[in-house]
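The values are calculated or read from the model by the stated rules, or taken from the named source; none is laboratory data. Fair warning: this is a prediction, and the values are worked out from it, not measured in the lab. Note: ideal-geometry Cβ built from the backbone for every residue, glycine included; neighbour counts use all protein chains shown. Surface areas here come from the heavy atoms of the whole protein model, side chains and all, with no ligands, DNA or RNA. Shrake-Rupley method; radii C 1.70, N 1.55, O 1.52, S 1.80 Å.
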Amino acid sequence: MKIVDARVIVTCPGRNFVTLKIITDDGVTGVGDATLNGRELSVAAYLTEHVIPALIGRDPARIEDTWQYLYKGAYWRRGPVTMTAIAAVDTALWDIKGKVAGLPVYQLLGGRCRDGVTVYGHASAETVDEVLTEVARYVDLGYKAVRVQTGVPGLATTYGVGRGQMYYEPADAAIASEAVWSTDRYFAHVPGVFAQVRDAFGPGLKLLHDVHHRLTPIEAARLGKSLEPYALTWMEDPVPAELQEGFRLIRQHTTTPIAVGEVFNTVWDCRELIQEQLIDYIRTTVVHAGGISHLRRIFDLAALHHVRSGSHGATDLSPVCMAAALHVDLSIPNFGLQEYMRHTPETDAVFPHGYHFADGYLHPSEEPGLGVDIDEELAARYPYRPAALPVNRLEDGTMHSW
Ligand code: GCO
Ligand code: MG
């Protein structure tokens, strides 16, 4: 069996997605997500110019060898663009292997470790009263875990608070919009939000919160401490994670669990965090961390150190990534939680898929392969639209992490 063709499909059914489709001489095809939010065309070009020519003629069964070829062969290692491109190839090859074997991919990864994949949804609103309604909406839908984000009094906009319900999408302007941030205003508000949510919903509901890389380690330690009475499942991205040892300080001060890793691309980005047990959940996912093969490596290392998975699953990760993530989630011993932001009906139509939600769990498709495809005719009706993620400044105008 040989790879005879591969193409990159860019489509915008409400937001941009990049998909790699690999075609074999037997007519078996595989898909991989290659979406890097706000930098989509850089991955599309990397694949088209530098990867696809090297794929033609290769044996699609050689997944690990192809991964090593693309990783070591580039000379320039790691980085989001390279690792997203490698992820797309790796994912598509697992899809092909599953179809050839006649098995869903999770069976090739060792089979089920659980009955379903517990997911968390996003409850967000400007005010506390509104967010209580949003949390109730998720509870009614059967969710067992909910991420809670609200506006902060005195700030015009806040990370994670969308304009509509359920389809929050921050990358909406061709040139990045600017937000203003104040850690003092945030600290004055956020513990009270969780006091009310915990009070309203009791101890059974898992609550999560995303800090989105905005604090320093000592500030994160203070936040974690102030949230301890409300028993969060995790505090996400409390600080930017380039400085892995910064987490030691947070750890010394608080028992609030920590989740990190949606911007990590390889095991090298989180090795220290995992081996020193400085985090509780590692949030790497298929599309940005080198595909199913490399994600399994990260999760295997994590399993040795009491760290569980908590894969990123925002709307900028396409249904192809979500399908692949579920096969991994189902088959690893140290699964924690899976983020699940629902895609719009337009996106679901472009990417027909067999995974489904029931009672707070997602279940992957039982079809051979990943159980997801791209409708190329429909995709062509939604041309690419430039869209950038916002940037963030402090009240005095200083640039800050978004
Ligand atoms: C999350 C993330 C997202 C990211 C987005 C960037 O936890 O879901 O923080 O909201 O900001 O995926 O592209
Ligand atoms: Mg996040």
| field | For region 215-224, 3J(HN,Hα) per residue [Karplus equation, 6.51 cos²θ - 1.76 cosθ + 1.60, θ = phi - 60°, Hz, x = Gly/Pro] | value | 10, 8, x, 6, 5, 5, 4, 5, 4, x
| said: Highest mean first, how do 67-74, 310-317, 88-95 rank when packing is the count of other Cβ atoms within 10 Å averaged over residues? | reply: 88-95, 310-317, 67-74
| query | Based solely on its DSSP helices, what 222 nm [θ] is calculated for the chain when runs of n ≥ 4 H residues each add -39,500 (n - 2.57) and the sum is averaged over all residues, nearest 500 deg cm²/dmol? | reply | -10500 deg cm²/dmol
| task | Give a residue-ordered list of calculated ³J(HN,Hα) values for region 67-76 (Karplus: 6.51 cos²θ - 1.76 cosθ + 1.60, θ = phi - 60°; whole Hz; x for Gly, Pro). | result | 4, 5, 4, 6, 6, 6, x, 6, 6, 7
| Long-range amide H contacts for residue 179: which residues qualify at under 5 Å (H placed 1.01 Å from N, peptide plane, sequence gap of 5 or more or a different chain)? | 391, 392, 393
| message | Quick check: the angle from helix 183-201's long axis to the longest principal axis of the chain, C-alpha only, nearest 10 degrees? | response | 80 degrees
| task | Please list, in chain and number order, the residues 5+ apart from residue 6 or on another chain whose amide H is under 5 Å from its amide H, with Hs placed from the backbone. | result | 23
| said: Output wanted: per-residue J couplings in Hz (rounded whole) for region 114-123, from phi through Karplus 6.51 cos²θ - 1.76 cosθ + 1.60, θ = phi - 60°, x for Gly and Pro. | reply: 7, 7, x, 9, 5, 10, 10, x, 9, 9
| Normalised by the number of residues in region 108-366, what is the relative contact order in percent for Cα pairs under 8 Å and 6+ residues apart? | 21 percent
| request: May I ask you to give the solvent-accessible area per residue for region 3-104, in square angstrom, as obtained with a 1.4 angstrom probe? | output: 38 Å²
| task | Just report the Cα centroid separation between region 7-44 and region 147-221, whole Å. | result | 31 Å
| remark: With a 1.4 angstrom probe the carbon and sulfur portion of accessible area for the chain, in percent, totals 53 percent
| said: Suppose the chain between residue 61 and residue 358 were pulled fully straight at 0.36 nm per residue; how much longer would it get relative to their current alpha carbon spacing? | reply: 103.6 nm
| field | Within a Gaussian network of the chain (alpha carbon springs, distance under 10 Å), most fluctuating of 189, 294, 122 | value | 189
| note | Rounded to whole Å², per residue accessible area for region 108-366 with a 1.4 Å probe reads 37 Å²
